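The values are calculated or read from the model by the stated rules, or taken from the named source; none is laboratory data. For clarity, every value in this text was computed on a predicted model and none was experimentally measured. Neighbour counts are summed over all protein chains in view; Cβ atoms, including those assigned to glycine, are modelled from backbone coordinates with ideal geometry.
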Amino acid sequence: MNKPSKGFTLVEILVALTILAITMGAYLSQLDQQISQSHELKNRTMAHWLAQNHLAQMRIEERWPNPGILSAKVQQGQQTWHLQQQVSNTPNANIRRVSLNVTSDNGDFSGSLVGYINGAK
């Protein structure tokens, strides 16, 4: 008489491994996408903070900016950023529009902010 087998057959093991491999592939793909999105969100947040800090510094120092474009490299968050400031006049002579564009050193991430500076004292 044949003894009942104790264990799995080779086919059952191969099917289980195939299912596991497909599941792990989908999981790793999703994980990679989440990491990329998290990295992009972090850099966009840093760019926005940099623009807010620059505008706040202009207001604190009470600088009355001249109309025109100014570009600078700024360090924030252990990263170098390119800041472009464009100042333009508004219909009110005591207010200037400040448009800030921030791009990472490698050009991948960017943010922008528009603010207004009051020159009346």
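The residue of the range 68-111 that is nearest to the chain's Cα centre (by Cα), among those that are under 17 Å from E40 (Cα atoms) and part of a loop (DSSP other than H, G, I, E, B), is F109. Count of the range 27-60 residues, restricted to those that are surrounded by 10 or more Cβ atoms within 10 Å (Cβ to Cβ) and either among the hydrophobic types (A, V, I, L, M, F, W, C) or within 30 Å of R97 (Cα to Cα) (or both), is 23.
Please verify whether the range 43-52 includes one or more residues that are in a helix (DSSP H, G or I), closer than 30 Å to I117 by Cβ and of a type in the set (F, W, Y). Checked the range 43-52: at least one residue is in a helix (DSSP H, G or I), closer than 30 Å to I117 by Cβ and of a type in the set (F, W, Y). State which residue pairs qualify: first residue at positive phi and inside the range 60-85, second residue at pLDDT below 95 and part of a loop (DSSP other than H, G, I, E, B) in any location, beta carbons under 9 Å apart, and separation of 6 or more residues or different chains. Listed by first residue and then by second, the contacts come to E62/G119; E62/K121. Looking across the range 67-79, the residues that are touching a Ser or Thr at 6+ places or on another chain (Cβ under 8 Å) and surrounded by 10 or more Cβ atoms within 10 Å (Cβ to Cβ) come down to P67, V74, Q79.
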